[in-house]
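Single-structure report; data block below.
The values are calculated or read from the model by the stated rules, or taken from the named source; none is laboratory data. Since the structure is predicted, the reported quantities are computational estimates derived from the model, not experimental observations. With ideal geometry, Cβ positions are generated from the backbone for all residues, glycine too; neighbour counts draw on all protein chains shown. The protein model used for the area step is the full one, side chains on, heavy atoms only, and it has no ligands, DNA or RNA in it. Shrake-Rupley method; radii C 1.70, N 1.55, O 1.52, S 1.80 Å.
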Amino acid sequence: MDEVVVRRRDDGALELRVNGVFVMDDVETTSECLLARTAIDAGARRVLVGGLGLGFTTRELLGGPDVERVVVAELHREIVDAMRSGTIPGADLLDDPRLDVVVGDVRDVVAAQPSASFDAILLDVDNGPDFLVHDQNAAVYGPGFVATCADRLTSDGRLSVWSMADSAAVRATLAEHFVDVVADAVDVRLQGRDERYWILTGHAPWTSDIVPT
Ligand SMILES: C[S@@+](CC[C@H](N)C(=O)[O-])C[C@H]1O[C@@H](n2cnc3c(N)ncnc32)[C@H](O)[C@@H]1O
């Protein structure tokens, strides 16, 4: 059983830890919001998000003018409960009729969706393929799950993956299933030092019409 801790630090920041490992805080959330912008800026109406966390990606998404439906898969019920109780700000999000939060593994939640049912899938469930909090999340970045995501996306849909580091392996996996793959660097300043996070996006899943032979 994972130990989930949401706590206010002495410096006033809200911090999320799982099994003693730092997952995120609310000090620098540019990249979480930019993850949502990859869908909003493309005019996505139906979006599936992996990982509720402290809710920044979800809040940004729900502010998108075209967004009609957001499904968030969150592994830990404690995080949803903490948002409901106000420990994590966002009870207002949970009341938004466009939002459906499903407690479960994002791999199962995506697999349960019909084909071509989302315009965008956004994954921020771990610190990236090379910095896993949960070993089983390695599969989130693997070809099987990326193929499932591609199938659940519309023909002009996109899959965006937040990562602590650029990953040639993830880009190559995306390229097996998407026409166009882009790696966007996000420069952030964390605790007095410069860091660079990444959003890796595959645009337009290959379809039977255009799969290269
Ligand atoms: C880095 S946080 C997400 C941050 C979020 N983008 C935000 O803006 O606050 C990662 C979240 O994914 C959840 N998570 C981890 N593995 C998961 C999985 N396999 N399926 C669904 N959620 C998962 C964690 O419990 C955590 O809440």
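What does a probe at Asp156 reach in the range 187-209, counting residues whose amide N is under 16 Å from the point 7 Å along Cα→Cβ? Correct set: 203-207.
Please label the shape of the range 27-205 as rounded, prolate or oblate, based on the square roots a ≥ b ≥ c of the eigenvalues of the alpha-carbon gyration tensor (a/c under 1.5 means rounded; beyond that, a/b larger than b/c means prolate, else oblate). Taking the square roots of the gyration eigenvalues as a ≥ b ≥ c, the range 27-205 is rounded. What is the sum of charges, Lys and Arg at +1 and Asp and Glu at -1, for the other residues whose Cβ falls under 12 Å from the Cβ of Val110? Result for the local shell: -1.
Solvent-accessible area assigned to carbon and sulfur over the range 27-205 amounts to 48 percent, based on a 1.4 Å probe. Note on the chain: antiparallel DSSP beta bridges, both residues inside, total approximately 60 percent of the bridges counted. Ranked from largest to smallest solvent-accessible area, with a 1.4 Å probe on the protein heavy atoms, Phe118, Phe56, Phe22 come out as Phe22, Phe56, Phe118. Surface exposure of the chain, expressed per residue as accessible area with a 1.4 Å probe, stands at 46 Å².
In loop segments of the range 37-132 as defined by DSSP, the GluC sites (Glu not before Pro) with at most 14 further C-beta atoms inside 10 Å of their C-beta are Glu68. Accessible area of Arg59 (1.4 Å probe, protein heavy atoms only, ligands and nucleic acids ignored): about 100 Å².
A Förster radius of 30 Å, combined with the Cβ-Cβ distance separating Glu195 from Asp108, puts the computed FRET efficiency at roughly 0.40. Electrostatic bookkeeping for Met1 treats Lys and Arg as +1 and Asp and Glu as -1; over the other residues with beta carbon under 14 Å from its beta carbon, the sum is -2. Taking the Cα centre of the range 1-81 as origin and assigning +1 to Lys and Arg Cβ atoms and -1 to Asp and Glu Cβ atoms, the resulting dipole is close to 300 debye.
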